[in-house]
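For reference, the structure discussed in these notes is given below.
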Amino acid sequence: MTTTVDDLNASVDAAHAAFEKGRAADPGTRAAWLEAIAAALENDADALVETAVQETHLGEPRLRGELKRTVFQLRLFATEVRDGEHFDATIDHANADWGMGPRPDLRRLNVPIGVVGVFGASNFPFAFSVMGGDSASALAAGCAVVHKAHDGHRNLALRTAEIVIAALDAAGAPSGLFSLVTGRAAAEALVDHPAVKAIGFTGSTAGGRALFNRAAARPEPIPFFGELGGINAVFVTENAWAVRRDEILSGYAASFTMGMGQFCTKPGLLFVPVGEADGVRQVLNAALADFAAARLLSPRLHEGYRQSVQDLRGTTGVEVLVEGDFDEAPAPTVLHTTSAAVHSDPSILRQEMFGPASLVVEYGDESELLELTGLLEGQLTTTLQAEPEDDVSELAARLSDISGRVLWNGWPTGVTVSYAQHHGGPYPATTSATTSVGTAAIRRFLRPVAYQSFPEGRLPEPLQDANPWRVPQRVDGAWQRPTLQGQTAVQTAGNEVRP
């Protein structure tokens with residue numbers, strides 16, 4: 001069934017009520033809710049994966065790995081919540097001798113923003129869908145979530161939501177803390193609802209931009225954390241090409257065809273020194289010889305892929321290097337152009353082909369690379385294939401300006417869930433400066449509040465001197481971190497740590 005606007009409004013109202021009830025839950029309680037969801041998904045893994053295989057055309061090994069990642073992420077977030085780092089609890093005691101005059105007692109912490117609307121992605125039915133990174137990080141932050149299911153795997157979304165809701169109920173979470181809606185009317189009303197305080201989105205640039213504009217046009221504009229994809233350029237130095245050409249081309253072929261090229265981190269551009277195109281074609285054909293083609297996620301995506309490849313190959317200066325096809329299970333396509341052509345028409349570098357296709361760009365001299373970066377739009381990732389003796393410091397700095405993650409001699413299609421991970425980038429890769437993967441994703445759905453001259457007993461627990469939740473606190477400039485033994489380690493301004 002498709003969710004009506006009235007039903008959507010009821011779901012958001014229930015989510016807001018659940019948020020109000022659960023916002024003050026202590027870290028252990030909130031972490032237990034996340035762990036309950038993880039266990040429930042794990043227990044129903046066989047049925048979930050079977051449904052996902054039927055709806056997405058993705059293979060069982062891939063889907064089991066993705067579900068494992070989802071469960072791991074929930075448990076990692078639970079650990080992060082218990083640690084309390086995300087509160088950023090900061091205490092400045094009153095100080096009559098403060099350098100700019102007497103200072104009142106000031107205490108600041110991060111609080112959850114409220115109800116978050118989350119839009120699921122088609123290409124990751126577990127990792128970026130119902131209980132993917134956006135939903136998990138919003139719940140970890142202390143928010144309530146209303147998830148808009150992706151039509152590409154609606155049955156899986158409904159089943160996953162049922163499991164999540166049952167797990168939260170069994171764990172004692174407030175009713176309505178998580179819910180699922182379907183359909184375009186509900187999607188638009190979700191962005192418009194005044195109780196919704198932020199949106200998380202993973203999907204196309206066109207769809208994301210339409211929702212982003214809608215969120216900004218509200219009487220009360222709200223943050224829109226949209227991941228819209230990217231081209232993910234790879235730059236190969238002359239030395240690396242001379243030493244590792246075949247290895248680089250083989251790695252490139254494996255990366256841009258992984259998951260039928262339906263990853264937002266797929267390398268869509270490969271900048272290489274000018275050379276023998278026939279030799280490059282030969283290596284790529286060999287690397288792709290054992291490629292196992294599969295159907296794309298949906299007929300709509302298949303048609304979009306066909307159109308984007310045909311549009312680019314019809315552009316002046318672009319030729320076919322490896323001929324693919326647009327069969328039901330399409331074979332990979334590699335296109336070719338030159339730095340001169342992209343200088344004449346920079347749009348060549350901005351065409352995303354969501355499927356097993358990519359573009360090789362030949363440059364004449366390595367000195368061109370820095371200038372070529374200026375033709376690129378914002379990227380989720382950029383990659384350097386270089387040798388230790390290469391001086392690429394200026395190029396690396398430029399790549400850090402235009403992308404959220406810069407790789408050295410690797411390939412961007414793996415995005416691990418970790419503390420230091422950043423999955424984002426300048427527009428049009430995303431609409432924010434935040435990450436949608438890793439523990440830092442929790443902070444998107446928090447906002448800081450400062451309390452001035454409050455009595456100790458009226459302060460939130462993370463800001464009390466007694467620190468009943470045992471969270472890290474920065475007290476008068478020095479970090480104090482509770483230990484497992486109940487002691488407190490103090491980190492001084494000089495980074496000395498003492499008990």
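Run the accessible area of the chain with a 1.4 Å probe and give the carbon-and-sulfur part as a rounded percent. Intermediate values should be presented prior to the final figure.
Working: 10740 of 20760 Å².
The value for the chain is 52 percent carbon and sulfur by accessible area.
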Mind putting together the pair-distance distribution for the range 225-293? All Cα pairs, 10 Å bins, whole percent per bin, short to long. 19, 49, 26, 6, 1
Wrap a convex hull around the Cα atoms of the range 43-162, take a quarter of its surface area, and give that in square nanometres. 9.5
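Cβ neighbours within 10 Å, averaged per peptide: list 209-220, 467-478, 75-86 in order, most packed at the top.
Details: 209-220: 14.5, 467-478: 16.8, 75-86: 20.7.
Averaged packing, sorted descending, gives the order 75-86, 467-478, 209-220.
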Taking 7 Å along the Cα-to-C-beta vector as the label spot, tell me the S453-A45 distance in nanometres, rounded to one decimal. 5.7
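I'd like the per residue volume of the convex hull spanned by the Cα atoms of the chain, given in cubic angstrom.
Values: hull volume 89.0 nm³, N = 499.
Enclosed volume per residue, from the Cα hull, is 178 Å³.
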Per residue, how large is the accessible surface of the chain? Use a 1.4 angstrom probe and give square angstrom. 42
I'd like the orientation of helix 277-287 relative to the chain: the angle between its Cα long axis and the longest Cα principal axis, in ° from 0 to 90, rounded to 10. 60
Against the longest principal axis of the chain, how steep is helix 27-43, in degrees 0 to 90 to the nearest 10, with axes from Cα atoms? 40
Under the rule rounded for a/c under 1.5, else prolate if a/b exceeds b/c, else oblate, using alpha carbon gyration tensor axes a ≥ b ≥ c, the range 1-79 is classed as oblate
Quick check: the distance between the Cα centres of the range 345-415 and the range 422-469, to the nearest angstrom? 32
For helix 393-402, report the angle its Cα long axis makes with the longest principal axis of the Cα atoms of the chain; keep it between 0 and 90° and round to the nearest 10°. 70
K68: which lysines have alpha carbons under 23 Å from its alpha carbon, excluding same-chain residues fewer than 8 sequence positions away? K148, K266
So how exposed is K68, as accessible area in Å² (1.4 Å probe, rounded to 10)? 150
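Compute the relative contact order of the range 44-103 as a whole-number percentage, counting only Cα pairs closer than 8 Å that sit 6 or more residues apart in sequence. Walk me through the numbers on the way to the answer.
Working: 20 pairs, mean separation 9.9, N = 60.
So the answer I get is 16 percent.
Give me the percent relative contact order of the range 293-380, please, defined on Cα pairs under 8 angstrom at least 6 residues apart. All intermediate terms of the calculation are to be shown ahead of the outcome.
Working: 110 pairs, mean separation 24.1, N = 88.
The value is 27 percent.
Can you pull the percent of Cα pairs in the range 166-305 with separation above 18 Å?
On the way: 6858 of 9730 pairs.
The share of Cα pairs beyond 18 Å in the range 166-305 comes to 70 percent.
The values are calculated or read from the model by the stated rules, or taken from the named source; none is laboratory data. Keep in mind that what you see is a predicted model, and the values were worked out from it rather than measured. All Cβ positions, even for glycine, are placed from backbone atoms using ideal geometry, and neighbour counts span all protein chains on display. For the accessible areas, the whole protein counts, side chains as well, though only heavy atoms, and no ligand, DNA or RNA atoms are used. Shrake-Rupley method; radii C 1.70, N 1.55, O 1.52, S 1.80 Å.
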